[in-house]
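A.B. asks: Please see the structure below; I have some questions.
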Amino acid sequence: MSIPSKEKEKIQQLSAKAKTAFQTAQTEKELYDCKTQFIGKKSLLTLARKEIKNCPADQKPAWGAFFNQVFQELSIFYNERQKELSQRSLDQKIEREVIDLSLPGPSFPNGSKHPITKLLEQIIEIFIPLGYSIQTGPYVESDWYNFSALNFPPFHPSRDLQDTFYVGKDHVLRTHTSPVQIRSLESLAPPFAVLAPGAVFRSDSDISHSPMFHQVEGLYVNQKVSLADLKGTLSYFLKKLFQSSKIQLRFRPSFFPFTEPSAEYDISCPFCNRKGCSVCKKSGWIEIGGCGLVHPEVFHSVQWDSCQWQGFAFGLGVERLAVILYNIPDIRLFFENDVRFLKQFSAV
Ligand code: DAH
């Protein structure tokens with residue numbers, strides 16, 4: 001049996017009202033309120049639907065089908081309007097958002113080279129135009145390369161001068177870059193000039209010593225090589241490095257087993273021009289490294305004729321130079337990798 005048309009009409013009117021309300025809602029919130037009002041749990045339509053149970057039994061199926069259709073239609077209508085309004089609010093949001101494409105992007109912290117690496121590169125750049133080539137050697141050296149071939153006699157106290165890390169009986173962590181002198185003499189044809197930068201190791205740690213630090217070794221071999229050549233080269237290098245033609249160089253007699261004569265070399269203090277200051281400890285001079293003419297025994301250890309060949313060699317401590325150049329109070333700062341410290345050198 002069909003349902004009475006009067007009641008049906010009432011529901012249809014309610015449904016039409018709901019559609020108009022959905023259509024006129026201007027925001028998603030408004031629309032949601034309409035939904036609660038018209039098809040929510042306590043809405044007139046829902047209440048009316050619940051009345052089906054009180055209908056004459058023969059009308060129930062028709063009412064059921066009718067309400068299903070009404071609710072289905074309204075929910076489709078609601079969903080469509082909901083989509084429209086959400087798209088509209090998105091469009092409005094995009095319109096409101098002013099994107100300035102000329103603004104710089106987010107910045108990421110830049111890494112930079114370690115100050116010791118930079119200084120090593122600076123040193124290398126000064127020597128390359130002078131015809132020096134770069135040579136390297138292993139960190140674990142045999143006793144022979146690190147000591148014997150460099151004319152350190154066995155059991156000689158000079159071996160103890162360099163607090164050596166032993167790796168087994170016959171091997172050490174190289175205590176200096178001088179073993180690269182031997183490796184160069186073994187592998188290169190004279191005349192040659194080499195520079196050997198790299199890490200070295202000594203069992204020592206305080207404000208001016210670190211168990212690992214860097215040295216640069218220089219070796220020049222030719223038929224005639226003099227102390228004057230050595231002094232000229234070092235003087236040129238140090239003037240370039242300190243960017244001052246006023247830098248003076250002085251040699252003090254010293255002893256190294258692999259050079260004869262041997263000297264330690266100092267520069268006039270670039271901070272006070274020899275007047276005396278805290279950096280040079282009032283002496284006017286700053287010690288840089290050791291040098292000398294290659295000892296004939298060094299040539300002999302690689303079967304070179306020391307009557308035919310001569311050479312000069314020099315060594316310097318890179319951290320020591322950096323301490324002077326950048327006025328650093330504690331050498332260990334270079335190895336702690338504290339970004340606050342390292343950051344200061346990113347522009348150097
Ligand atoms: N190897 C020496 C050291 O570590 C430094 C040195 C001295 C190197 C004299 C040289 C040199 O080439 O001629 O103490």
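The values are calculated or read from the model by the stated rules, or taken from the named source; none is laboratory data. Since the structure is predicted, the reported quantities are computational estimates derived from the model, not experimental observations. Every residue, glycine among them, receives a Cβ derived from its backbone with ideal geometry; neighbour counts consider all protein chains shown. Side chains included, ligands, DNA and RNA excluded: accessible areas come from the protein's heavy atoms. Shrake-Rupley method; radii C 1.70, N 1.55, O 1.52, S 1.80 Å.
A.B. asks: The conditions are (1) among the hydrophobic types (A, V, I, L, M, F, W, C); (2) within 16 Å of the ligand (Cβ to nearest atom); (3) out of contact with any strand residue (DSSP E or B) (no Cβ under 6 Å at 6 or more places or on another chain); (4) more than 30 Å from VAL140 (Cβ to Cβ), and VAL225 fails exactly one of them. Which is it?
C.D. replies: For VAL225, the exception is condition (3).
A.B. asks: Looking only at region 139-151, filter to residues that are under 16 Å from LEU185 (Cβ atoms) and part of a loop (DSSP other than H, G, I, E, B); which one of those is least open to solvent (accessible area, probe 1.4 Å)?
C.D. replies: Checking each candidate, the answer is PHE147.
A.B. asks: So, ASP330, is that one away from the ligand (no atom under 14 Å from the Cβ), surrounded by fewer than 20 Cβ atoms within 10 Å (Cβ to Cβ) and without any contact (Cβ under 8 Å) to a residue 12 or more places away in the chain or not?
C.D. replies: Details: away from the ligand (no atom under 14 Å from the Cβ): yes; surrounded by fewer than 20 Cβ atoms within 10 Å (Cβ to Cβ): yes; without any contact (Cβ under 8 Å) to a residue 12 or more places away in the chain: no.
No.
A.B. asks: Which condition number does GLN69 fail, the rest of (1) over 30 Å from SER86 (Cα atoms); (2) of a type in the set (S, T, N, Q); (3) open to solvent by 90 Å² or more (accessible area, probe 1.4 Å) being met?
C.D. replies: So the condition that GLN69 fails would be (1).
A.B. asks: Among the numbered conditions (1) in contact with a Ser or Thr (Cβ under 8 Å, 6 or more places away or on another chain); (2) part of a helix (DSSP H, G or I); (3) surrounded by fewer than 17 Cβ atoms within 10 Å (Cβ to Cβ), tell me where PRO154 comes up short.
C.D. replies: (2)
A.B. asks: Which members of region 248-269 meet the condition of being buried (at least 18 other Cβ atoms within 10 Å of the Cβ) and part of a loop (DSSP other than H, G, I, E, B)?
C.D. replies: Passing the criteria: PRO257, PHE258, CYS269.
A.B. asks: Six or more apart or on different chains, Cβ atoms under 6 Å: show the pairs whose first residue is in region 230-253 and closer than 11 Å to ILE267 by Cβ and whose second is assigned to a helix (DSSP H, G or I) and of a type in the set (Ser, Thr, Tyr).
C.D. replies: The qualifying pairs are LEU249/SER235.
A.B. asks: Kindly evaluate ARG183 against the criterion of being farther than 16 Å from ALA313 by Cβ, in contact (Cβ under 8 Å) with a residue 40 or more places away in the chain and within 14 Å of the ligand (Cβ to nearest atom).
C.D. replies: Here the answer is no, as ARG183 does not meet what is asked.
Residues checked against (1) of a type in the set (Lys, Arg); (2) surrounded by fewer than 22 Cβ atoms within 10 Å (Cβ to Cβ):
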| site | (1), (2) |
| --- | --- |
| ARG183 | yes, yes |
| LEU188 | no, yes |
| VAL200 | no, no |
| SER205 | no, yes |
| PRO211 | no, yes |
| GLU217 | no, no |
| VAL221 | no, no |
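A.B. asks: Among the helices (runs of 4 or more DSSP H) lying completely within region 291-338, list those that include at least 1 residues that are closer than 17 Å to SER254 by Cβ. Break it down stepwise before answering.
C.D. replies: On the way: elements: 296-301, 318-326, 333-336.
Qualifying helices (runs of 4 or more DSSP H): 296-301, 318-326.
A.B. asks: Taking the condition modelled with pLDDT under 95, farther than 26 Å from TRP304 by Cβ, open to solvent by 30 Å² or more (accessible area, probe 1.4 Å) and not small (Gly, Ala, Ser), does ARG274 pass?
C.D. replies: Answer is yes for this residue.
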